[in-house]
Each structure stands twice: as C-alpha cells, then as structure tokens.
C-alpha cells in the first residue's frame with residue numbers, strides 16, 4: 001500500500017504545472033546599439049527579462065536588479081556565504097505575457113554600495129518588481 005501511495009504522489013507531482021512553484025526571474029538577454037563615435041552619442045541598451053504581465057509587470061514598472069555574490073571563509077569554518085545585493089533598477093519599456101524589455105533607470109555605483117567585479121547589469125542577474133517605500 002505505501003508503494004502505491006508513493007507512486008501516485010510521484011505521478012501527481014510530475015503532472016503539476018511548474019508555474020505553481022517558486023521561480024527565479026532573471027535578465028536573460030541584453031542588446032545595445034552599435035557606437036558610431038559621434039560626440040555626445042547615447043548608446044541604447046535593452047535588457048530582456050522573464051518577468052511579464054502574468055507577474056503584474058506593465059510599461060513603466062520599475063524592476064529591482066539583484067546580484068548574488070558568493071564568498072567562502074577560508075579561516076574559520078570554510079563556510080560559503082551568499083550575499084544578495086541590489087545593484088540597480090530597470091524601467092520597463094514593453095511587457096508581454098511572460099517577458100519584458102527594460103532600460104537602466106538606476107545603477108548603484110556610489111561609494112556607499114559594495115564593490116562589484118562587473119558594475120553593469122549582466123545576464124543572470126535577478127529581477128523583482130520594485131515595491132515602493134512608504
């Protein structure tokens with residue numbers, strides 16, 4: 001009997017849509033205009049995310065961008081520590097059902113923020129919908 005219950009539970013879990021589970025939302029692609037060397041030229045950059053209208057994202061929505069930095073303590077416990085640090089914000093230009101296109105609206109590069117190996121947003125950075133401070 002326990003074996004039948006285990007098989008039934010496994011089949012039920014396999015048939016459950018994956019959209020019901022927690023999901024990481026990330027920047028999955030980046031495009032930019034080609035610099036032409038003009039004075040005062042503005043280079044446009046688009047960031048493509050897998051966060052869309054299904055998650056409440058629409059044109060003008062602000063997305064927080066986070067990067068996970070992992071470091072190990074070689075002296076004490078050899079334990080690895082993960083830091084999830086906000087590195088900036090994107091403003092949504094266009095949203096589809098399950099994806100969106102954004103542009104940079106803020107990058108945290110001032111001295112009061114941690115130092116990053118790569119200061120720009122990169123593929124794999126995590127995104128969430130910005131919640132307004134009250």
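Structural remarks
- Taken over segment 12-34, the criterion of being modelled with pLDDT under 85, over 19 Å from the mean Cα position of the chain (by Cα) and either closer than 18 Å to residue 105 by Cα or in a loop (DSSP other than H, G, I, E, B) (or both) is satisfied by 16, 17.
- Long-range neighbours under 6 Å by Cβ, at least six apart or interchain, first residue touching a residue at least 12 places away in the same chain (Cβ under 8 Å) and on the phi > 0 side of the Ramachandran plot within segment 86-104, second surrounded by 18 or more Cβ atoms within 10 Å (Cβ to Cβ) and in a strand (DSSP E or B): 88/65
- Restricted to strands (runs of 3 or more DSSP E) entirely inside segment 51-118, those with at least 2 residues that are over 13 Å from the mean Cα position of the chain (by Cα) and surrounded by 13 or more Cβ atoms within 10 Å (Cβ to Cβ) are 80-95, 100-107.
The values are calculated or read from the model by the stated rules, or taken from the named source; none is laboratory data. This structure is a prediction, so every number in the text was calculated from the model and none was measured. Heads up, the Cβs are rebuilt from the backbone with ideal geometry, glycines too, and the neighbour counts pull from every protein chain shown.
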